[in-house]
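The values are calculated or read from the model by the stated rules, or taken from the named source; none is laboratory data. Please read all numbers here as calculations on a predicted model, not as lab measurements. Cβ coordinates were reconstructed from backbone atoms using ideal geometry, including for glycine residues, and neighbour counts include every protein chain displayed. Ligands, DNA and RNA are excluded from the accessible area calculation, which covers all protein heavy atoms including side chains. Shrake-Rupley method; radii C 1.70, N 1.55, O 1.52, S 1.80 Å.
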Amino acid sequence: MSVLVYIEHTNGIIKKNALEAASYAVAYAEKTNGSALGVTIGNVSESEIKKLGNVGLEKVFNVGGHDYLNHQKVAAIMADVAQKNNSTTYIFSGSSEGKGAGPRLAVKMGAGIVSEVIEVPSSTSPITLVKKAFSGKGYANIQLNHEKNVIVLSTNAFGVHEKSVDVHIENISSEGNDTSLTHQSFDRDTKGISLPDAELVVSAGRGLKGAENWGMIEELAETLGAATACSKPVSDIGWRGHHEHVGQTGIAISPNLYIAIGISGAIQHLAGVSSSKTIVVINIDPEAPFFKAADYGIIGDAFEVVPKLNAAIKAIKG
Amino acid sequence: MKILVCISSVPDTTTKISFTNNNTALQSNGVQFIINPNDEFGLTKALHIKEANPGTNVTVLHVGPNSSDPVIRKALAIGADDAVRINVEAIDPLQVAGEIAHYVKANPYDLIITGKESIDYNGAIVAHALGEMLGIPSVSPCIGLSINGSEASLTGVVDGGKEELTASLPIVVGGQKGLVEEKDLRIPNMRGIMQARTKPLNVVEASGSKEAQKVVNYDTPAPKAACKIVDANNVDELVRLLQNEAKVI
Ligand SMILES: Cc1cc2nc3c(=O)[nH]c(=O)nc-3n(C[C@H](O)[C@H](O)[C@H](O)COP(=O)(O)OP(=O)(O)OC[C@H]3O[C@@H](n4cnc5c(N)ncnc54)[C@H](O)[C@@H]3O)c2cc1C
Ligand SMILES: Nc1ncnc2c1ncn2[C@@H]1O[C@H](COP(=O)(O)O)[C@@H](O)[C@H]1O
């Protein structure tokens, strides 16, 4: 019985969420006395694939070709590799590719599927594991009734666990034909840091009063190497793009650090960010509900505090 | 054109979530159930397409018991033409997708709209599973859709950006904010509410799609320790805490 994990990359560079998925697959395989197998698709160099050895993945199938991938092709290729290797568990990151390919693979394999998973199984017969539910307002203990299962992870919950091994790479080919969706173009923000997998996030709300005041937010984010986010009304008014809206009806994130500036902390906002490891709140109102969900708080005017904070962090970064 | 809009019924977003019966069920006393917010964007999009293409019919579909009827009626009041309820408890997204696929195979649609995710169970599974079961393309999360005859142009969300795609109908689309704008969302008016009472709500029996998983029990996140307040004139202290205590920078 093997555990197959899909390894995502951007232009040949293995993504951090893929290292996390590989870590999870290794731990899962240990727990279930199986072996973990990785799959990379497209043009990824050998030295890049070898990095997976740092998280304990011993074997990787490298599927050549496929300059353009979408979730339908990923699912088709994964099904092909899974069948040839008798794999019964299929692991994906909670990225757009993972969330797209996972359900399709489950149907192809006659498998069950569970998403937003945060831990390895607590018991293995039957497989029982924990997923996020109610947009982070709760957790559900799930029991899987199938022999085959797709597991889609919640990003940044399990984490990357180091364990050094040698990686054996096997180059294979797989058709993965799927022509039903025709790709026209990508429009990717290449300079910023992608919010769903950011480790540090600087977020601001209506307290900033206008789009023109986001300069200091972007500066702080740049100093930290953080992604930027915003509350829902901010994106509804058009001060920031919709892709920055976090919360119950936006993107749910769990970075290591979430700095909330001029955001009141409404229940719908908290739902999408409360599983961040450390939360800092900067708000002028000591009664703002966000302080109850925060680890550290500054009661003060963002227009004074944020530039000072930026300078202080710059100072330590040299 | 025939459009199917799948809606789930979820606790209102302001609900403080708690559990009952040894944490095996949601405490639903006093909880207001609403159309899943992602599905509202899809429903409004379907109505926009209907208005631009006379003769279009919009059906809403829900998999669940009759306790969901008020939510289905609300979708009718917003403007859907008719409704279908598949009469079975929705336990798992694959079972739901299986029931919807079974219905659609017997009753074909040109366009099937779901939400990208149901905000209660957070599966993000139904849209793509349904596409696979029906052997048709699926784009989810989708933030742009235009239909030209039997061709669709779509904007899908990818990590860090978006992708423009085209496909031939039928397709599955998983909506969210952006498919239509927030300000375009419709609330039922009096006339809509009156009309909804007489619009058809067809109850069909389930095909018996098997659930692949079940919830053993629920948990709520552990409460946070008290927030450490740092003086606004001493941001260096905050930086020190983030560096040495939280170890995040
Ligand atoms: C169905 C539904 C879904 C929703 N989903 C989401 C969601 O996913 N995400 C989300 O964010 N919201 C969501 N909301 C909206 C949510 O209820 C709140 O309205 C919203 O989060 C408030 O945004 P805000 O904190 O930016 O603005 P406000 O509530 O207006 O708060 C602004 C804050 O800024 C502070 N402030 C003002 N001036 C300063 C200053 N100079 N310096 C520092 N602080 C200052 C104020 O004290 C206040 O706390 C949803 C609502 C509904 C009904
Ligand atoms: N019980 C249900 N009945 C009808 N549609 C549903 C149901 N559950 C989920 N869906 C649809 O599938 C979408 C995604 O749900 P999920 O995959 O469970 O997160 C929702 O936004 C709905 O459009």
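Points to keep in mind about this one:
- Filtered GluC sites (Glu not before Pro), segment B:111-190: DSSP coil and at most 13 other beta carbons within 10 Å: B:181
- Element breakdown for chain A at a 1.4 angstrom probe: carbon and sulfur atoms account for 48% of the accessible area.
- Interface residues in segment B:132-164 - accessible area drops by 30 Å² or more relative to the isolated chain, probe 1.4 Å: B:132, B:137, B:138, B:158, B:159, B:160, B:162, B:163, B:164
- Membrane-span-like helices in chain B (whole DSSP H runs, Cα extent of at least 18 Å along the helix axis, mean Kyte-Doolittle hydropathy of at least 0.0): B:93-106.
- The protein assembly as shown, dipole about Cα centre (Lys/Arg Cβ +1, Asp/Glu Cβ -1), debye to the nearest 20: 820
- Dimensions of chain A from C-alpha coordinates, computed as largest minus smallest value along each principal axis and given longest first, are 60, 40, 40 Å.
- For residue B:187, the accessible area of its heavy atoms, probed at 1.4 Å with every protein chain present, is near 140 square angstrom.
- Filter on A:232/B:116; A:232/A:317; A:51/A:314; A:232/B:50 - keep pairs with C-alpha separation over 20 Å: A:232/A:317; A:51/A:314; A:232/B:50
- Of all DSSP beta bridges in chain A, antiparallel share, percent nearest 5: 20
- Tilt relative to chain A, helix A:96-109 - C-alpha long axis, 0 to 90 degrees, to 10: 30
- Interface size B-A, as summed buried accessible area [1.4 Å probe, Å², nearest 100]: 6500
- Once Rg and the Kirkwood radius are both taken over the C-alpha atoms of segment B:2-219, their ratio Rg/Rh works out to 0.95.
- Across segment A:13-25, computed HN-Hα scalar couplings (Karplus, 6.51 cos²θ - 1.76 cosθ + 1.60, θ = phi - 60°) run 9, 5, 6, 4, 5, 6, 5, 5, 5, 5, 4, 5, 4 Hz from first to last residue, x flagging Gly and Pro.
- Ligands, DNA and RNA are left out, and with a 1.4 angstrom probe the accessible area of segment B:144-249 is 55 Å² per residue.
- Local electrostatic count, residue B:86, Cβ distance below 10 Å [Lys/Arg +1, Asp/Glu -1]: -1
- Projected onto their three principal axes, the Cα atoms of segment A:2-172 cover extents of 40, 32, 29 Å, largest first.
- Lysines whose Cα lies under 16 Å from that of residue B:199, excluding same-chain neighbours fewer than 8 positions away: B:74
- Axis angle, to the nearest 10 degrees, between helix A:215-224 and the longest C-alpha principal axis of chain A: 50 degrees.
- Contour excess over end-to-end distance, with Cα ends at residue B:202 and residue B:216 and 0.36 nm allotted per residue: 1.8 nm
- Looking at segment B:91-130, the accessible area is 26 square angstrom per residue; that uses a 1.4 Å probe and ignores ligands, DNA and RNA.
- Taking the chain by itself as reference, segment B:168-208 contains these residues with an accessible-area loss of 40 Å² or more in the full protein complex (1.4 Å probe, heavy atoms): B:177, B:182.
- Additional length obtainable on full extension of the chain from residue B:87 to residue B:191, 0.36 nm per residue less Cα span: 34.6 nm
- Whole-percent carbon and sulfur share, accessible surface of chain B, 1.4 Å: 48
- Charged neighbours of residue A:316, selected by a Cβ distance under 10 Å, balance to +2 (K, R count +1; D, E count -1).
- For chain A, the longest principal axis of the alpha carbon atoms and the long axis of helix A:302-317 meet at an angle near 60°.
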